[in-house]
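Data first, discussion second: the structure below is written as structure tokens.
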Amino acid sequence: MDVELVEIQEFLASHPPFDKLPPETLERLPKRLSVRYIRRGSVFPPLDADQPYLYILRRGAVELRDAQGDLVGKLAEGDLCDMACRAGENAVPMKGSTAEDTLVYLLPCTDLTALRAQHAHFAEHFDQSVAHRLRRALDAVTNAPASGAGLMTLRVGTLINRALVTATPETSIREAAQVMAEHNISSLLIMVGERLAGLITDRDLRKRCLAAGLPSDRPVREIMTERLETVNVDTLGFQALITMTRLNVHHLPVMAGARVVGILSTTDLTRFQSSNSVYLVGDVHHAKDLETLIDISSKVGELQVHMVNGGATADQVGQAISAITDAITRRLLEIAEAQLGPPPVPYAWMVGGSQARREQTSYSDQDNALLIADHMKPEDDAYFAALASIVNDGLNACGYVYCPGDVMARNPKWRQTLRIWKKYFNTWIQRPEPMALMLSSVFFDLRPVHDPEGLFEEIHDQVLNLSKDNRIFIAYMAANAVKNRPPLGFFRNFVLIQGGEHDHTFNIKHRGIVPIIDLARVYALSSGITETNTLERLRTAAGINALSKDGAANLSDAVEFIGTLRVRHQAGQLRRGEKADNFLSPDELSPLERGHLKDAFLLINAMQESLAQRYQTGRIN
């Protein structure tokens with residue numbers, strides 16, 4: 001074969017969907033192609049084409065615009081343009097132009113039709129919608145772990161392999177302990193007929209009975225835990241693990257509908273996973289000093305690597321790491337109170353940003369604030385200033401670096417009484433301005449990690465009530481949400497960072513994930529949704545107001561796919577002993593992954609356009 005044809009064959013074989021064709025078909029294909037050079041600024045596809053073609057970009061760049069002239073996509077090396085082959089298929093009309101001198105291979109549409117008819121996997125690329133391709137890409141990323149699926153796919157029902165052992169609330173503590181010893185179990189379900197009434201564990205026997213000097217002939221209802229979190233038999237093992245981590249518990253009753261079928265323990269789970277966030281959170285709760293917390297936090301990177309190797313998604317990584325950060329925050333507050341004495345008035349420690357959304361990775365800074373009861377006296381601020389400094393400094397020492405914008409409790413502006421916080425939110429919502437929009441990613445995602453008196457609920461209710469029916473505020477939020485556009489042509493140099501430490505990369509968090517976070521926040525605030533996690537916001541908002549069920553599903557797939565690429569990128573850095581960051585080089589991705597990432601960016605762009613039109617954001621300066 002001619003050397004030039006061999007080079008074309010190798011090029012096709014390295015780009016989807018041609019990599020799905022058998023070798024013999026690929027060998028014949030270059031002879032069916034023609035080559036054309038198109039100058040910068042020319043109409044694309046060329047108007048003087050002698051027949052309809054599939055255009056395969058070999059070099060150069062093409063911009064695609066919709067009927068209104070808005071940019072909706074960019075094509076570069078390896079990309080396909082099949083507009084001419086889709087006549088009569090109700091395809092969205094687009095106009096193209098070459099952004100630079102461009103070289104293309106031309107395959108007649110008749111040949112493309114024949115290839116689609118003969119090769120099903122090849123045809124899938126053209127038959128599937130962007131949303132369908134993205135769903136398959138997400139499945140491929142999450143279902144092909146480096147070292148076994150483990151808890152990512154295991155259902156907790158498969159771990160329930162012993163008969164149900166129960167007692168009644170009137171059973172004596174001594175009798176309950178004897179039952180546990182007889183069956184060699186560390187927990188016992190307390191039932192009233194078919195209803196789950198409570199649970200006792202070995203720890204309860206030690207702390208609530210022996211250590212407290214409670215007579216063993218007292219009924220077990222006096223030491224049982226009544227308010228229980230449960231899991232369903234179909235719950236994934238990893239989700240159960242996350243629940244245990246968040247609550248710092250080691251046992252969860254397992255339900256089949258309304259019926260109790262067993263109890264799940266961390267011992268059951270750790271048979272399938274050698275190290276996990278439950279143990280790290282347990283270590284945090286027993287830490288005596290800051291040095292111990294620093295040592296524990298140093299293992300968070302190792303946990304992320306372990307989870308990525310096991311096929312964890314970005315959501316699973318975020319839930320686990322955020323649970324550890326919550327635990328470290330609470331332990332630092334306990335240490336601070338032990339040093340300073342009890343607080344003069346009740347307070348709530350609030351977290352914002354990725355920690356509030358439970359979307360942290362091992363590379364995260366801190367965003368937090370203090371909410372203090374209104375009967376605080378002026379002299380009480382010295383106590384809370386000292387407490388905030390201890391916690392902020394401790395978090396920084398543990399790797400959660402100081403917020404670059406100083407959105408931390410040690411800043412007096414973000415250490416205020418309930419009355420002042422209400423005033424803040426009322427001003428931000430009733431009179432939206434650039435400052436409110438700048439702070440939206442932090443303060444409209446707030447979540448309390450310490451709030452014994454329930455102070456936060458009053459603020460949260462106010463925010464939801466004020467924002468839900470305030471169309472002007474939501475319009476400003478929408479305008480802010482559509483400003484940060486995804487880099488549709490990210491693998492071209494003109495949209496990558498040029499020079500410096502991050503040369504030839506783009507920030508996958510700020511350019512890919514944050515746009516979806518911003519969209520989800522608008523959907524949540526406009527619908528009065530209480531959730532802060534992005535996936536939960538999208539799922540809850542599906543079918544309400546501006547977000548269709550398909551749109552919610554597509555954005556959920558997009559944020560999971562982009563986020564999983566991000567945590568995988570960071571895990572690779574951590575394995576190499578490097579510091580994790582968000583700067584991804586397109587060279588790290590396969591051609592197929594680059595194509596799927598472009599699909600995700602196209603979806604984001606379409607959803608941003610839809611939101612912009614709904615709220616007429618072009619009128620907002």
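What follows is calculated from the coordinates using simple rules that are stated; it is not laboratory data. The structure presented is a predicted model; accordingly, all values stated were derived computationally and were not measured. All Cβ positions, glycine included, derive from the backbone under ideal geometry; neighbour counts span all protein chains shown.
Worth a mention:
- With helices as the sole contributors, the chain gives -14000 deg cm²/dmol at 222 nm; each DSSP H run of n ≥ 4 counts as -39500 (n - 2.57), and the sum is divided by every residue.
- Computed E for Arg86/Glu4 - FRET, C-beta separation, R0 41 angstrom, nearest 0.05: 0.90
- Spin-label pair Leu103-Thr292: with each label point 7 Å from Cα along the Cα-Cβ axis, the two points sit 6.5 nm from one another.
- Each pair of Cα atoms in the range 275-455 enters the Kirkwood radius, and Stokes-Einstein at 25 °C and 0.890 mPa s then converts it into a translational diffusion coefficient of 145 µm²/s.
- Over 22 Å apart at the Cα level, from the set Lys299/Lys413; Lys95/Lys509; Lys74/Lys483, are Lys299/Lys413; Lys95/Lys509.
- Computed log₁₀ I(q)/I(0) - Debye formula, equal Cα scatterers, no solvent, the range 519-621, q 0.18 Å⁻¹: -0.92
- Only one residue of Gly399, Leu196, Val35 has its Cα farthest out toward the positive end of the dipole of the chain, where Lys and Arg carry +1 and Asp and Glu -1 on Cβ, and that residue is Leu196.
- Relative contact order, percent, the range 275-455 [alpha-carbon distance under 8 Å, six or more residues apart]: 28 percent
- Charge tally in the Cβ shell below 11 Å around Pro108, where Lys, Arg are +1 and Asp, Glu are -1, Pro108 excluded: -1
- Packing-based exposure ordering (other Cβ within 10 Å, fewest first) of Val514, Val6: Val6, Val514
- Relative contact order, percent, the range 370-477 [alpha-carbon distance under 8 Å, six or more residues apart]: 32 percent
- Isolated cysteines in the chain, defined as those with no second cysteine Cβ under 4.7 Å, comprise Cys81, Cys209, Cys398, Cys403.
- C-alpha long axis of helix 434-443 to longest principal axis of the chain, angle in °: 60 degrees
- Once divided by 2.2 N^0.38 Å, the Cα radius of gyration of the range 369-511 becomes 1.30.
- Taking amide H as placed 1.01 Å from N in the peptide plane, Glu100 has its amide H under 5 Å from the amide H of Gly41, Ala61, each at least 5 places away in sequence or on another chain.
- Relative exposure of Tyr615, Tyr37, judged by other C-beta atoms within 10 Å (fewest first): Tyr37, Tyr615
- Mean separation of Cα contacts under 8 Å, 6 or more apart, over the residue count of the chain: relative contact order %: 12 percent
- Residue exposure sequence - Thr505, Thr230 - by fewest surrounding Cβ within 10 Å: Thr230, Thr505
- Modelled spin-label separation between Ala386 and Asp469, with each label point placed 7 Å from Cα along the Cα-to-Cβ direction: 4.6 nm.
- Summary of the geometry: the range 174-195 and the range 381-425, compared by the centres of their Cα atoms, lie 45 Å apart.
- Using a simple spin-label model with pseudo-atoms 7 Å out from Cα toward Cβ, Ile620 and Gln430 lie 1.9 nm apart.
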